[in-house]
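Structure, as structure tokens:
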Amino acid sequence: MAETSRNKHNTPKKKLERRQELPKLERQKHRAQKYRPEWEELDVFKKWLKPGPNEFKAKCFICDSILTAEIGVLKMHANRQKHLDAMKMLPSTSKQVSTMASFVTKKIPTNVQNAEVKLTGFLVEHNLAFKTADHLTELLKSIFPDSKIAQQISLKRTKATAIATAVIGETEKEVMVSKLKQNKFSVICDESTDISTQKASCIVVRFRDEKSKQIVSKFWELTKIFDLSNPDLNNEGATGKNLFNALIKSFEQENVPLTNLIGFAADGCSVMMGENNSVSSRLKEHCRGIVIMKCVCHSAHLCASSACKELPRRCEDLAREIYAFFKSSSKRQCQFAEFQEFLKLKPHKMLHPSQTRWLSLVAVVERILEQWDALKLFFTNKWLSEKLVSTEIIFNNLNDPFIKLYFNFLAWILPKFTEFNKFFQSENVVITSLNDKIHEIYRDILLCFLKRDYVMKHELESINFVNEEMWLRNEQMYLGVRVMNDLKNLEISRSKLELNKFFSVCRNFLVTSAKEIKKRYRMNDPLLSKLHILHPANAASSKFRESVPSIFSLIELLPRVVQMDNMSLIQNIDNQWRNLPAKFNELDLTLPIDKFWSELHLCQDYRELSQFALDTLCIPHSNAQCERVFSHVNLMKTKIRNKLLTKTVNGTLLAAQHIKETGSCIDFKPSDEMLCKLNLSMYKRINTSSPESTAALNDSDSE
């Protein structure tokens with residue numbers, strides 16, 4: 001009973017009551033435990049424990065937490081869910097763990113950190129697998145045994161991936177975020193499927209870069225369209241709703257104000273540019289007054305491909321059959337080279353006509369015409385010696401004078417589209433020339449088959465090119481000097497039926513081209529027809545003020561650049577426009593248009609006008625930059641690197657973009673911000689929650 005009474009008396013509640021009855025000075029103080037290094041040898045602690053900032057503290061370098069140096073506290077921390085989740089993110093091998101631990105515990109010299117970041121930049125710029133770092137580091141140590149920097153470098157695939165994504169790439173993204181928060185910008189979008197059949201949407205932003213004094217287009221983000229973690233998204237697919245939500249989310253999560261978004265460009269597919277439930281229709285509702293532009297390069301391609309459908313199929317078949325005959329046989333190529341040498345022609349190979357890019361046909365046509373005589377001799381010899389059906393078909397087509405006539409026509413007409421396309425694939429500011437270039441190519445095509453007086457005396461929008469009364473006669477049509485020269489051939493001139501068919505096909509080609517151009521472009525577009533105002537020669541001309549005394553007509557078309565309720569600002573812009581010719585002698589009109597206005601922006605008297613001009617010039621004209629990004633992805637994500645995660649690709653693209661701005665990996669100098677990010681937390685910022693986490697960290701370069 002006494003024992004029971006004693007135990008009852010010593011319950012925690014009784015002890016607490018007795019302790020409270022004691023004076024403060026009589027209470028027994030808790031003895032602080034000092035950190036004991038032998039704890040690091042225990043299995044439960046050795047993977048994450050290190051000394052804290054003083055002798056009474058410990059640190060978990062996995063969670064980056066400071067703990068009281070008591071065994072109970074440490075065990076409690078080891079069982080917490082946050083710590084357990086962090087431990088799962090560590091690579092499995094003890095070697096990698098010890099490497100990461102030493103990375104944190106040891107202070108790495110700045111010159112070594114610079115070397116590691118620059119080596120990663122080298123891998124990124126040249127699209128080398130991060131797996132290369134495993135041998136590269138050891139190779140450098142063996143080559144330079146007397147170099148202290150080389151001997152201290154600790155860079156393997158995991159660390160290289162983290163540096164590219166969470167250090168260089170993240171720094172580049174932060175710089176862009178700060179610029180987009182301060183400047184008006186436009187968005188360019190496109191979607192594509194890579195080698196691993198992952199469909200992604202590419203987002204590029206176009207804005208004024210104060211450092212370079214230019215309008216630049218920069219990669220912003222690559223978003224997955226189908227995601228294992230989002231079944232609802234997978235069911236809907238690449239709808240306008242999902243693409244729009246991904247676009248808006250990419251800016252909202254970085255706190256970039258959408259009030260700065262003034263323009264949007266994409267190709268003409270319905271999911272992007274449809275009247276209902278598309279990305280553009282949602283942007284019009286969400287961002288009132290936004291400028292929507294269809295990619296002029298895609299439109300030119302569609303115009304050419306539609307017109308080429310009017311040609312006889314034999315023309316395209318001949319190009320494909322010639323390429324197919326040579327592509328897999330080195331013997332045939334060597335035999336053909338002998339005929340080229342005999343005729344003193346350049347030893348060029350035959351080109352492949354693309355299935356999807358009709359504008360690539362012009363290079364194929366030019367190559368076949370260049371090698372026409374050698375091809376005729378070669379296939380004549382092949383047909384006579386081997387009697388193959390394929391060689392007989394090619395032989396007959398090469399000896400048909402009308403087939404060559406069609407090729408000569410294509411060699412004249414297709415460059416009109418390719419030169420237009422090439423001009424607007426530029427990253428420079430060319431949108432001010434878009435309206436004039438469209439008028440130029442449209443008028444040029446009309447003059448080939450319509451009466452000149454009718455074309456020159458009427459507005460292009462009102463011309464009826466299907467009116468046969470205004471058509472030129474067959475012999476009056478202009479189809480290029482090569483065709484004119486070939487028409488002197490007696491064999492051609494005597495075949496009246498074939499000749500009339502040739503003229504009919506060429507006329508249909510020209511009519512279809514004109515129809516497609518008019519369908520895709522507005523000849524009197526209210527905005528495009530006024531952007532030539534901002535050209536330096538016009539802006540600085542007193543004579544030009546006679547036709548455009550005020551810039552208000554352009555301002556009211558761009559409410560997202562200048563709000564219409566801010567009349568005082570609009571008046572200042574207009575006053576500066578009217579007074580600008582007075583500055584004529586001080587301005588260099590030969591400068592590119594964006595640099596011209598950037599130079600003028602330095603002048604306080606024209607600050608508002610130049611700012612308006614620079615914001616307006618951010619409106620995109622094509623989505624060629626997105627195509628370049630996808631080309632970069634194809635170089636990076638190859639058959640043997642198909643497991644790269646989208647987040648890793650994102651960070652690598654941003655890193656490559658940053659290095660390109662500096663010139664090359666040789667000129668690239670890691671900033672202080674990058675060196676500050678070079679710590680253990682960079683591993684945590686790599687998403688490892690998906691089933692493909694191993695690929696994200698280790699950059700698996702094999703299937």
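The values are calculated or read from the model by the stated rules, or taken from the named source; none is laboratory data. Small disclaimer: the values here were computed from a predicted structure and weren't measured. Neighbour counts run over all protein chains shown; Cβ positions are idealised from the backbone, glycine included. Ligands, DNA and RNA are stripped out before the accessible areas are found, and what is left, the full protein with its side chains, is counted by its heavy atoms. Shrake-Rupley method; radii C 1.70, N 1.55, O 1.52, S 1.80 Å.
The table that follows gives values for the structure above.
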{"read-out": "Portion, in percent, of the accessible area of the chain that falls on carbon or sulfur, probe 1.4 Å", "value": "51 percent"}
{"read-out": "The chain - Rg over Rh from alpha carbon coordinates, Kirkwood radius", "value": "1.11"}
{"read-out": "Global geometry of the range 418-574, whether rounded, prolate or oblate, following the gyration tensor of its Cα atoms and the 1.5 cut on a/c", "value": "prolate"}
{"read-out": "Hits among aspartates and glutamates - C-alpha to C-alpha of Lys684 under 14 Å, sequence gap 8 or more where chains match", "value": "Asp64, Asp85, Glu170"}
{"read-out": "Value of relative contact order over the range 359-416, rounded to a whole percent, pairs C-alpha under 8 Å and six or more apart", "value": "47 percent"}
{"read-out": "For the range 230-383: Kirkwood Rh in Å [reciprocal of mean 1/r, alpha carbons]", "value": "19.8 Å"}
{"read-out": "Candidate residues Glu427, Glu252: accessible-area rank, largest first, probe 1.4 Å", "value": "Glu252, Glu427"}
{"read-out": "Cross-link table Lys327/Lys387; Lys309/Lys404; Lys211/Lys660; Lys346/Lys404; Lys294/Lys501, entries beyond 26 Å C-alpha to C-alpha", "value": "Lys294/Lys501"}
{"read-out": "Magnitude of the charge dipole, the chain, Cβ model with Lys/Arg +1 and Asp/Glu -1, debye to 20", "value": "2580 debye"}
{"read-out": "Fraction of beta bridges assigned by DSSP in the chain that are antiparallel (%, nearest 5)", "value": "75 percent"}
{"read-out": "Cα shape, the range 317-371, gyration tensor, a/c 1.5 rule", "value": "oblate"}
{"read-out": "Accessible surface of Val44 - all protein chains present, 1.4 Å probe, nearest 10 Å²", "value": "70 Å²"}
{"read-out": "Computed helical MRE - 222 nm, the chain, DSSP H runs ≥ 4 contributing -39500 (n - 2.57), nearest 500", "value": "-15500 deg cm²/dmol"}
{"read-out": "Amide H contacts of Trp220 (H built 1.01 Å from N, under 5 Å, at least 5 apart or other chain)", "value": "Ile203, Val204, Val205"}
{"read-out": "Axial C-alpha extent at least 30 Å, average Kyte-Doolittle at least -0.5 - helices from the chain (DSSP)", "value": "401-424, 496-520"}
{"read-out": "The range 243-314: Cα Rg divided by the 2.2 N^0.38 Å rule of thumb", "value": "1.46"}
{"read-out": "Prolate/oblate/rounded call for the range 131-205, Cα gyration tensor, a/c under 1.5 rounded", "value": "oblate"}
{"read-out": "Cross-link pairs beyond the 26 Å C-alpha cut-off, checked among Lys241/Lys677; Lys416/Lys519; Lys141/Lys218; Lys57/Lys173; Lys46/Lys156", "value": "Lys241/Lys677; Lys141/Lys218; Lys57/Lys173"}
{"read-out": "Hydrodynamic radius of the range 523-681 per Kirkwood, over alpha carbon pairs, in Å", "value": "19.4 Å"}
{"read-out": "Average Cα contact separation per residue, the chain, under 8 Å, 6 or more apart, as relative contact order %", "value": "20 percent"}
{"read-out": "Accessible area expressed per residue, the chain, with surrounding protein chains retained (probe 1.4 Å, Å²)", "value": "52 Å²"}
